[in-house]
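Since the structure comes first, as structure tokens, the remarks are kept for the end.
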Amino acid sequence: RKEVEQDPGPFNVPEGATVAFNCTYSNSASQSFFWYRQDCRKEPKLLMSVYSSGNEDGRFTAQLNRASQYISLLIRDSKLSDSATYLCVVNRRGFKTIFGAGTRLFVKA
Amino acid sequence: DTAVSQTPKYLVTQMGNDKSIKCEQNLGHDTMYWYKQDSKKFLKIMFSYNNKELIINETVPNRFSPKSPDKAHLNLHINSLELGDSAVYFCASSHGQVISNQPQHFGDGTRLSIL
């Protein structure tokens, strides 16, 4: 079993839709959590950090459930430009960073 | 521009050759990383350096040798290249701490193709 697991998708949604991704992690020593976005043939870019209290950045909302060891990302009012692969990322003590395999999202007109 | 920059962007070479990829960051970070992203798009850490010291060395063949001359640079040298080394290699950096809550910033990748 991978340490960080995501549904690979693809998620195909129309513009304006709300879409949610989940990610589970297996190591309870995980310290900090992030969502990154990767466009085709580009580098991963930080989308947002994820905090226990939940956090929002415009149309994006991230949640962390430490008890159940999962992280979620909600995208509201999807835009064509949201089409990308979304990577769940977990940092463990000692500089160890684990990337999930990513969830592909296609937003269609 | 403040960034993580890596060179070359593309590298096409033959099996058995030795090649190097360079990475530099001007973000003032003290931790740098090398990742490999293969054809299945899975991003896997190879090495991590903190203040020029090797912190993480995942199960990577010893044909791969990282070198950090200072905390702003982390280069990757690969000996005797094999077909399976074809991938995109990303350099990244962050403010590193023992408990790291800092995100990483990535270079735009080096696409290595072995003929």
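Over every Cα atom in the protein assembly as shown, the radius of gyration and the widest Cα-Cα span, Dmax, amount to 17.7, 52 Å.
Annotation note: trypsin sites (Lys or Arg not before Pro) in the stretch B:53-115 located in DSSP loop regions with a Cβ neighbour count of at most 14 within 10 Å are B:Arg63. So, R0 is 41 Å and r is the distance between the beta-carbons of A:Ala29 and B:Leu115; what FRET efficiency does that work out to, to 0.05? Computed FRET efficiency for A:Ala29 and B:Leu115 comes out at 0.45.
Quick one: compute the contact order of chain A, relative version, from alpha carbon pairs under 8 angstrom and 6+ residues apart, as a percent.
Working: 272 pairs, mean separation 41.2, N = 109.
Computed value for chain A: 38 percent relative contact order.
Annotation: amide H of B:Ser113 within the under-5 Å range of B:Leu11, B:Val12, B:Thr13, sequence separation 5 or more or interchain, hydrogens built in the peptide plane.
For the stretch A:1-62, trypsin sites (Lys or Arg not before Pro) meeting the loop criterion (DSSP other than H, G, I, E, B) and having at most 11 other Cβ atoms within 10 Å: A:Arg1, A:Arg41.
Using only the Cα atoms, what convex hull volume per residue in Å³ does chain A have?
Numbers: hull volume 10.5 nm³, N = 109.
Once divided by residue count, the hull of chain A is 96 Å³.
Here chain B was treated as a single set of alpha-carbon atoms; its pair distances binned every 5 Å from 0 give 2, 13, 24, 26, 19, 10, 5, 1, 0 percent. Sequentially through the stretch B:40-50, phi angles give Karplus couplings (6.51, -1.76, 1.60; θ = phi - 60°) of 7, 6, 7, 9, 10, 5, 10, 9, 9, 10, 10 Hz, Gly and Pro residues having no value and appearing as x.
Determine, for A:Lys108, A:Lys96, the number of other Cβ atoms within 10 Å of each Cβ, and report the residues in order from fewest to most. Show your work: numbers first, answer last.
On the way: A:Lys108 11, A:Lys96 19.
Fewest to most other Cβ atoms nearby, the residues stand as A:Lys108, A:Lys96.
For A:Ala101, the residues whose modelled amide H falls within less than 5 Å of its own, excluding neighbours fewer than 5 places apart on the same chain, are A:Gln6. Neighbours of B:Thr110, meaning other residues whose beta-carbon lies under 11 angstrom from its beta-carbon, give a summed charge of +3 when Lys and Arg score +1 and Asp and Glu score -1.
None of the figures in this text is laboratory data; all of them are computed from the coordinates on show. Quantities reported herein were computed from a predicted structural model and do not represent experimental measurements. Note: ideal-geometry Cβ built from the backbone for every residue, glycine included; neighbour counts use all protein chains shown.
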